[in-house]
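Reading through the structure tokens given below for one structure.
The values are calculated or read from the model by the stated rules, or taken from the named source; none is laboratory data. Computed from a predicted model, the values in this text were never measured in an experiment. Virtual Cβ from ideal backbone geometry, glycine too; neighbours counted across all protein chains shown.
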Amino acid sequence: MKDRNIGKLLNIASLLNKFLFLFPAFVAVKYYLYETTGGIGAILLQLFSMFLGLTLTTVICRKEYYFTTKLLSYSAVIIPILLSVLTFSQRGVIWTLIEMLASGTFYFIGVSAYTKSYGEIFDSQNLYVGSFLLILYLIIVSNFSVLLPLKNMVYIFILLFILISMLIKSEENIDQVFMLRGVEIPEVQKVIRKYNAKAIFSLFAGILILFNIRYIVSAVLKFIFILYLRITVLILYLMSLIYPEGSGQGNGAGKPDLPYGPESTNNFLDNIFKFISVVIILYLAYKIVPKVIKAIFKLVAHIKAWLFRVVKVRDDKYDDDECVDIVEFTKQVEVKKLGKKKKNSLYSALRKATSPAEKIRLMYAIIVNDVRLKGIKIADSDTTGQIAGKITDSWKYGEDIREITSIYDSVRYGEEIPQDSTVKFMEQGFKGFTDKMGK
Amino acid sequence: MEAVALLVIVLLAVWLQGFLSNRFAFNKLNYKCHFSTAEATEGDNITFTEILHNNKPLPLLWVKAEIRTSKWLSFADTRSFIAQEIRHVTSGFHLGLYQRTTRIWKVKCLKRGVFNIDNVILVTSDLFGVHTKSMPFPAGIKLTVLPGLVDLEDILRSTRNLQGDIIVKRWILDDPFIIAGAKEYNYTEPMNRIHWQATARHGQLMVRKNDFTSNQSIRVVLNIQTVEYYHPYTIDRDLIEYGIRIAATLFDRGLKLGIPIGFASNGSFSENDGSFIYTTAANGSIHASQLLYTLARLEFRINTGFDEFFGDISQRIEESEVIIITSYLEDSLNEMFNSLLDRGIAVKIILLNEVYNKTNLYDEIPVYTVKAGDKK
């Protein structure tokens, strides 16, 4: 059994999609004749007509769907037509006729949706016809200067059409898949539908970004340029404070007399000041830039972690009458990325290492890093014994770590110079451990 | 131009998500499932656990696990349908990146049997169903549901005695070699029976308590044919299911009393076509559980008519008592039962049906019928 509320929502979405590709035709005619769209009132009236058709049919045919009840439902088209006449009669006969035609059309669309599922209301044929019509509208409004003001509206309708079509087709796909041999018994879990809808919205956001990439890039560049200008002005302002008005040759207009301005004639002082300024700027850049880069990386890591939290469905326990779901997130992404970087540098150091003690210390460091990547939380303050305990407790292959730890301890804290055999033994243990870790 | 660009971007986005799904959906996707126990009894509540791990940085919008199992394992009622003897369960998952979902289904074992889940088919697709992929994941799990027990005293009614008979195992004298425990000395027992260790522990005189033994042994014969004429399959299966529960109860009694029990039936196992079942009589918990396992595997396929089957095995019966569980009696069968009695073997008949013919059956052979209303 499908969830009735979801079914209703999808029916409404399907009707809305039909509206999106039919309504601009009426608007275009009105705009061509009267140079006005009719505003939000016209949209609301036609939407009302469509949903009135569905609601009235549902009420009339609630018990029996006979010829008489069907006829009664269709006859009630008089209501939206009268409403159009009452609302738009003062705008002229042709306008009223267009509104009457639109109301009647949308009312019948609403009536015909009564017995249909959302997939039938907006089927593949509708998708093709709708896509074709919307592209046609776009071409027409782009090429006829009279209709050019409608371009934005058509774009909005197209984007909404894309979004709703994707949602409907995706939900339809899920419903088909979760039907077994034509028997529609298994209910699609709400969470799957929600997750799917989330994915559709993300895909749509991606499409929007790609479609507007030119504007986005130019906006970002503009922002960077403005930021650069502001910073420059700020620096100039700060310099004007250091080098106050009147101390130089001055331009006599009360503006800061900048040491490196074109008006400056004191070449010696200018050069010294320029040199000092460059040194200060370079020093500040040396100090600040790495911090800024670090901050940017941190920000990116935070955004990434946030995105992971968004795509993560839920990290909890879900219980119903039939089953219990336990959902776990098995990888800490932020840790992994940072740790991987460290891992690469450790491996490179291990390759270069010549001293046996250094080799052992690096191998141990790689193991600890790998274990962190595996999701085992190891604090900087943990002793080697505590680390070994954590590994053996939370990982089935962890028993090898005891021997590795004792070798490391003897080298690190006992300051023992390891024999070749010890290094060999450690290498074997390290290889076995990292192999198992990769599984 | 903008329209073309929009169209291209939409098509590109749809293609890209389809490509990613098609190419990587089953990469690093692990599926495991198991029952909470390998052996259960009719009516038990157990669990069935599915573990699905998406160990890659690509979310899976949905994954459908199609499980085919017996309809006698009741679970996922709203997410399954039954076609003939098979329950088709649809287990829907949605997996984020690096996410593991453990789903624990509550299962009720409705009937005895050996139930296998060989494969579970996982299905997934892209957002719009353009690329739907499926892959079988080997499950290889087996659940044995042993038959449930019934209260024999409550359900059996003797055709001679309305109180019913109870299987007891007592002899006149106890067996001095079998020690059941220790009891207080009541000044009638001989001194050599005093248990000195127990006396020391309790601070009063204790004597060894001996058990009763005999060379009694029982063979339970189950006829899975419910009508007089031969048909390759059991017609009234519920009746035989009840007979199986009675047989299981007899095995359980035998285990508790330490009586060696053997089993014979004209039924068969699915993998053992063309033969019937005949086990040797023995006692002990291992033997009892083997007998219960035999009952769990029993199929409703009849290879030999019961009269022919019983004619074959009656010469091999060496036990002191035979309990026959059958749905009907007829003259030829009665003759065979009489001949067993003539050989000094006690015969008892548990009749699953209330309509029977015992015209030529010896009066010494007790017949028990199952009370109406208890058969379901």
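Of the residues A:Leu167, A:Leu227, the single one that is within 23 Å of B:Trp15 (Cβ to Cβ) and modelled with pLDDT of 85 or more is A:Leu167. Considering only segment A:41-62, I want to know if a residue exists there that is surrounded by 13 or more Cβ atoms within 10 Å (Cβ to Cβ) and either assigned to a loop (DSSP other than H, G, I, E, B) or at pLDDT below 80 (or both). Scanning segment A:41-62 turns up at least one residue that is surrounded by 13 or more Cβ atoms within 10 Å (Cβ to Cβ) and either assigned to a loop (DSSP other than H, G, I, E, B) or at pLDDT below 80 (or both). Residue check: is B:Phe48 modelled with pLDDT of 85 or more, under 30 Å from the mean Cα position of the chain (by Cα) and within 10 Å of another protein chain (Cβ to nearest Cβ)? The answer is yes for B:Phe48. The set of residues in segment A:75-92 that are within 18 Å of A:Thr115 (Cα to Cα) and exposed (fewer than 15 other Cβ atoms within 10 Å of the Cβ) contains only A:Ser75. If I filter segment A:394-409 for residues that are assigned to a loop (DSSP other than H, G, I, E, B), without any contact (Cβ under 8 Å) to a residue 40 or more places away in the chain and surrounded by fewer than 16 Cβ atoms within 10 Å (Cβ to Cβ), do I get at least one hit? The answer is yes, given that some residue of segment A:394-409 is assigned to a loop (DSSP other than H, G, I, E, B), without any contact (Cβ under 8 Å) to a residue 40 or more places away in the chain and surrounded by fewer than 16 Cβ atoms within 10 Å (Cβ to Cβ). Against the test of being out of contact with any Cys (no Cβ under 8 Å at 6 or more places or on another chain), part of a loop (DSSP other than H, G, I, E, B) and touching a residue at least 12 places away in the same chain (Cβ under 8 Å), the options A:Thr115, A:Thr96 yield a single qualifying residue, A:Thr115.
Among the residues of segment B:121-144, those that are within 14 Å of chain A (Cβ to nearest Cβ) and surrounded by 21 or more Cβ atoms within 10 Å (Cβ to Cβ) comprise B:Leu122, B:Thr124, B:Ser125, B:Asp126, B:Leu127.
Among the residues of segment B:245-268, the ones that are touching a residue at least 12 places away in the same chain (Cβ under 8 Å) and part of a helix (DSSP H, G or I) come to 12 in all.
Among the residues of segment B:316-338, is there at least one that is more than 29 Å from B:Glu39 (Cα to Cα), assigned to a helix (DSSP H, G or I), of a type in the set (Phe, Trp, Tyr) and touching a residue at least 60 places away in the same chain (Cβ under 8 Å)? The answer is no; no qualifying residue exists. Under 26 Å from the mean Cα position of the chain (by Cα), at pLDDT 80 or above and more than 14 Å from chain B (Cβ to nearest Cβ): does that describe A:Leu299? For A:Leu299, the condition - under 26 Å from the mean Cα position of the chain (by Cα), at pLDDT 80 or above and more than 14 Å from chain B (Cβ to nearest Cβ) - is met. When A:Asn196 is tested against (1) of a type in the set (S, T, N, Q); (2) free of Cβ contacts under 8 Å to residues at least 24 places away in the same chain; (3) within 11 Å of another protein chain (Cβ to nearest Cβ), exactly one condition is not met: (2). Please indicate, with yes or no, whether at least one residue in segment B:195-209 is touching a Pro at 6+ places or on another chain (Cβ under 9 Å), within 30 Å of B:Phe337 (Cβ to Cβ) and not in a helix (DSSP H, G or I). Scanning segment B:195-209 turns up no residue that is touching a Pro at 6+ places or on another chain (Cβ under 9 Å), within 30 Å of B:Phe337 (Cβ to Cβ) and not in a helix (DSSP H, G or I). Within segment B:1-27, residues that are under 30 Å from B:Ala65 (Cα atoms) reach partners that are part of a helix (DSSP H, G or I) with beta carbons closer than 7 Å, at six or more positions or on different chains, in the pairs B:Ala13/A:Leu203; B:Ala13/A:Gly206; B:Ala13/A:Ile207; B:Gln17/A:Leu203.
Checking each residue in segment B:85-113 for being buried (at least 18 other Cβ atoms within 10 Å of the Cβ) and more than 7 Å from chain A (Cβ to nearest Cβ) picks out B:Arg87, B:Val89, B:Ser91, B:Phe93, B:Leu95, B:Val107, B:Cys109, B:Lys111, B:Arg112, B:Gly113. Here B:Ala38, B:Ala25 are screened, and the one residue that is in contact with a strand residue (DSSP E or B) (Cβ under 9 Å, 6 or more places away or on another chain), surrounded by 16 or more Cβ atoms within 10 Å (Cβ to Cβ) and more than 9 Å from every other protein chain (Cβ to nearest Cβ) is B:Ala25. Taking only segment A:308-326 into account, find how many residues are at pLDDT 55 or above and surrounded by 13 or more Cβ atoms within 10 Å (Cβ to Cβ). Total satisfying the criteria: 8. Evaluated against (1) surrounded by fewer than 17 Cβ atoms within 10 Å (Cβ to Cβ); (2) closer than 30 Å to A:Glu172 by Cα; (3) at pLDDT 85 or above, A:Tyr66 falls short on exactly one condition, (3).
If you check every pair at least six apart or on different chains, which have Cβ atoms under 8 Å apart with a residue in segment A:26-53 that is at positive phi first and a residue that is surrounded by fewer than 18 Cβ atoms within 10 Å (Cβ to Cβ) second? Matching pairs, first to second residue: A:Glu35/A:Val146.
Of all residues in segment A:142-174, those being more than 10 Å from chain B (Cβ to nearest Cβ) and under 16 Å from A:Val27 (Cα atoms) number 11.
Residue count for segment A:130-180 satisfying the condition of being small (Gly, Ala, Ser) and either touching a strand residue (DSSP E or B) at 6+ places or on another chain (Cβ under 6 Å) or crowded, with 18+ Cβ neighbours inside 10 Å (or both): 3. Mind listing whichever residues of segment B:28-45 are touching a residue at least 40 places away in the same chain (Cβ under 8 Å) and among the hydroxyl-bearing types (Ser, Thr, Tyr)? Passing the criteria: B:Tyr31, B:Thr37, B:Thr41. If the condition is being within 26 Å of the chain's Cα centre (by Cα), assigned to a loop (DSSP other than H, G, I, E, B) and more than 9 Å from chain A (Cβ to nearest Cβ), then segment B:53-80 contributes B:Lys71, B:Trp72.
Among (1) farther than 16 Å from B:Lys142 by Cα; (2) at pLDDT 90 or above; (3) among the hydroxyl-bearing types (Ser, Thr, Tyr), there is one condition B:Ser21 misses while meeting the rest; what is its number? Exception for B:Ser21: condition (2). Taking B:Ser314, is it at pLDDT below 90 and crowded, with 19+ Cβ neighbours inside 10 Å? Considered against the rule, which asks whether it is at pLDDT below 90 and crowded, with 19+ Cβ neighbours inside 10 Å, B:Ser314 comes out as no.
Exactly one residue out of A:Gly38, A:Gly92 is in contact with an Asp or Glu (Cβ under 8 Å, 6 or more places away or on another chain) and at pLDDT below 85, and it is A:Gly38. Looking at segment B:228-245, is at least one residue touching an Asp or Glu at 6+ places or on another chain (Cβ under 9 Å), of a type in the set (Gly, Ala, Ser) and closer than 29 Å to B:Thr369 by Cβ? Checked segment B:228-245: no residue is touching an Asp or Glu at 6+ places or on another chain (Cβ under 9 Å), of a type in the set (Gly, Ala, Ser) and closer than 29 Å to B:Thr369 by Cβ.
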